[in-house]
Amino acid sequence: MATSSRYAFTWRLPMLIWQAAFFVVPLVFMAAISFWLVKNYRMEPDFILKNWSKMLGRGFFWDAYWITLWRASLAALVISLIAFPASYSLAYKVSESVRRWAVFFLIVPFFTSYLVRAYAWQVILAENGVVNAVLGQVGLGPFTMLNTGFGAMIGYLTLTLPLVIVLQTFSLSGVDRNQIEAAWNLGCSPLRTIVQVIVPSARVGLIIGAVFCFILTFGDFVSPFYLGGSKPPTLSILIIDTTKSGQQWPRAAVVALIMIATLFCTAFAAVSAAYRKRTR
Amino acid sequence: MSHQSAKNVSRRTLLKTAGASGVVLAAPMLNRAWAADPVEINMLAWYGHAEPDIVEEFEAQNNVKFVPKYYAGGDNMLALMAQSPPGTYDIILSDAEFVQQLNAAGYIQELDPADYPFDDFFPEFQKFPGHWIGDQLWSVMVRYGLLGVSFNTDVITHDEAMSYNVFWDSRLTGKVGHFDWHLPNLGQMSLLNGNDNPSPFDIDGAAWEAVQEKTLSLKPQVGGYFDYGGTFSSLKTGEMHAVCGIGDWITGVLQKDGAPVDSVIPEEGGIQWTESYSVGIGTEKGEIAKKFIQYMLSPAGQVRSIQMAAYPGLSPTKSGWAAIQEANPDEAKRSGLIEGAANDPIRLKREGRIHYRDIPRQQSLEDWNDFWSEYKNA
């Protein structure tokens, strides 16, 4: 038993070292500097609560917090819904070969810089851009899409949709086909089969996909800044603003810690929901 | 070559040929050994100042190589200085309003005024505020620019742009952009409120309240807050029709690309940004740094500075004006570097319409920055 424990521990060791070196230690350091003082543009170790009271006591922090939370939640919901039909098709309606190629092409966008893709969207969404030019041909528009919440959402889709489709596809592919066939044999309509059989069975993967989407969009800087026009600023933009003026890294650390706490709570709640046993 | 002639190649000829070939082949190595490696000069500056269009001639003439560290904003510059040991940066380009802080922190060394051509400076710039403490010189101005109303000429006329009130025009709803830095934007709002004496940055509590109120009233017009790249693209794509807090340093570059944009100094006045060189404390390359500053103030250096690819600037020297008028008359005309021209910056300065960008004098930078964050969230 002891040998087997040591064996298991040895295999876990790289992950533990990685977590300690790249997550726990930086997190502790960040928590520490949130109490430090900035003097003449230089951080000095201290223990002051002013950074916390200053940030949490300001209306603009909470405005940024709620808009970030709202946008990330909306993105997780909308992108999961948009991804589902594509994932369903890939899982059940195409051959193994097509599915493999489709997954490959879903990964391809990650080969290019997300920032470059966001800049490309500027050209497409601008008032004299591609979309409005096409709509103009049928007498519609021009519509303002860039520097709006819609623009930011397009950026979030660019960032997370391929990932969510891949996660959902793997999850749906793992659903026991016998259950689906049994539902059909018992007279279930296709929609009811999806809602009552497939979605509950693939619940873990679907929730994990949504959680990844939430995490990535909650901390994203590129889309709200370059496609949303910083209007209104999200927490990631607030971090940039805070460090830019006066080099207030301790106050930026406060914002970052609140973001991490929010993501922890969301991830724990989502994972608990994903693995909760079905009651009926 | 015939068999007979090949046989006639003597041993001596062969040795001579081989020796000569050896010398020729080894020449690059010998040259490399004889020539000293270029001296590296560490420069801390805004983007563009150590690019080839500015420094290549000086580098070639003096066998030096600039190693730039680019920053974005005076706070960022001060932080980099604070976090670096003395001697890290040989030469520092800073916005003029931050020179006093560089000096107070002991990051720069005193300069000898006799080394620089102050007689060639326009009188307005000979004793630039903050660069001198009494007769002690700490920094030398090399270029400047003006911030006013920048706009799309297809949407707004020059006459309409002659007041900051144009930002509230109904045609610009959702089309006014902000360069995302509080100092130039709030400085312009302060000017609009009539705070031009002594300075839009030297205002009491009541005036500061009024500036905040005025700025907040602009919010419904605002289409976005942009960094350097975002400001360029939003004006170029026509997404924004007017931008607050910038000037020719952005629209001048876009004009060269044919974009229908321009900048004017409105009746309420404009803000001047100023860039100055200082020599870092602890550097062992003070002499070559001094020589570079002298080069940048020479007519040749000023012509390069005026036409800098990253963002154009104006010349503080009379010989710089003469040089650009000769080297590129169109650019001289475009940027107003012709005495008596409608956009002659010295004339505007003498009319009292130009105010130096500064840090807030009666509030803290934190107060202004906090309000800017509130405004962006409003």
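Observations, loosely collected:
- For the stretch B:55-71, the criterion of being surrounded by 13 or more Cβ atoms within 10 Å (Cβ to Cβ) and within 14 Å of chain A (Cβ to nearest Cβ) is satisfied by at least one residue.
- With respect to the conditions (1) over 30 Å from B:Gly74 (Cα atoms); (2) within 14 Å of chain B (Cβ to nearest Cβ), A:Phe61 lacks only one, and its number is (1).
- Test: residue in the stretch A:68-78 that is more than 30 Å from B:Glu374 (Cα to Cα) and part of a helix (DSSP H, G or I): no
- B:Glu284 meets all of the listed conditions (1) surrounded by fewer than 24 Cβ atoms within 10 Å (Cβ to Cβ); (2) among the acidic types (Asp, Glu); (3) touching a helix residue (DSSP H, G or I) at 6+ places or on another chain (Cβ under 9 Å) but one, namely (3).
- Residue check, A:Ser236 out of contact with any helix residue (DSSP H, G or I) (no Cβ under 6 Å at 6 or more places or on another chain) and either in a helix (DSSP H, G or I) or within 14 Å of chain B (Cβ to nearest Cβ) (or both): yes
- Subset of the stretch B:72-95 (residues that are away from chain A (no Cβ under 13 Å) and either among the hydrophobic types (A, V, I, L, M, F, W, C) or more than 24 Å from B:Ile288 (Cβ to Cβ) (or both)): B:Ile91, B:Ile92, B:Leu93
- Residue match in the stretch B:330-345 (condition: part of a loop (DSSP other than H, G, I, E, B) and within 18 Å of the chain's Cα centre (by Cα)): yes
- Selected residue [of a type in the set (Phe, Trp, Tyr) and surrounded by fewer than 19 Cβ atoms within 10 Å (Cβ to Cβ)] from A:Trp184, A:Trp249: A:Trp184
- The residues of the stretch B:40-71 that are of a type in the set (A, V, I, L, M, F, W, C) and within 20 Å of B:Gly87 (Cα to Cα), listed by number, are B:Ile41, B:Met43, B:Leu44, B:Ala45, B:Trp46, B:Ala50, B:Val64, B:Phe66, B:Val67.
- Residues that are within 11 Å of chain B (Cβ to nearest Cβ) and assigned to a loop (DSSP other than H, G, I, E, B), drawn from the stretch A:112-147: A:Ala126, A:Glu127, A:Asn128, A:Gly129, A:Pro142, A:Thr144, A:Met145, A:Leu146, A:Asn147
- Subset of the stretch A:189-222 (residues that are assigned to a loop (DSSP other than H, G, I, E, B), touching a helix residue (DSSP H, G or I) at 6+ places or on another chain (Cβ under 7 Å) and over 30 Å from A:Tyr65 (Cα atoms)): A:Ala202
- Residue within the stretch B:260-273 that is of a type in the set (D, E, K, R), within 22 Å of B:Gly352 (Cβ to Cβ) and assigned to a loop (DSSP other than H, G, I, E, B) present: yes
- Complete set of residues in the stretch B:231-245 that are closer than 16 Å to A:Ile124 by Cα, assigned to a loop (DSSP other than H, G, I, E, B) and of a type outside the set (S, T, N, Q): B:Gly238, B:Glu239, B:Met240
- Here is the figure for the stretch A:47-71: residues that are aliphatic (A, V, I, L, M) and more than 20 Å from A:Phe29 (Cβ to Cβ) total 4.
- Residues in the stretch B:96-122 that are more than 14 Å from chain A (Cβ to nearest Cβ) and among the acidic types (Asp, Glu): B:Glu110, B:Asp112, B:Asp115, B:Asp119, B:Asp120.
- Residue in the stretch B:331-339 that is away from every other protein chain (no Cβ under 14 Å) and under 30 Å from A:Val38 (Cβ atoms) present: no
- Pairs where the first residue, in the stretch A:240-252, is more than 8 Å from every other protein chain (Cβ to nearest Cβ) and in contact (Cβ under 8 Å) with a residue 40 or more places away in the chain and the second is surrounded by fewer than 20 Cβ atoms within 10 Å (Cβ to Cβ) and part of a loop (DSSP other than H, G, I, E, B), C-beta under 6 Å, 6+ apart: A:Pro250/A:Trp36
- Only listed residue being in the same structural domain as A:Gly228 (by TED's automatic domain parsing) and touching a Phe, Trp or Tyr at 6+ places or on another chain (Cβ under 7 Å), chosen from A:Ala126, A:Ala83, A:Ala75: A:Ala75
The values are calculated or read from the model by the stated rules, or taken from the named source; none is laboratory data. Just so you know, these numbers come straight off a predicted model, no measurement behind them. A quick note on method: Cβ atoms are made from the backbone with ideal geometry, for glycine too, and the neighbour counts reach across all protein chains shown.
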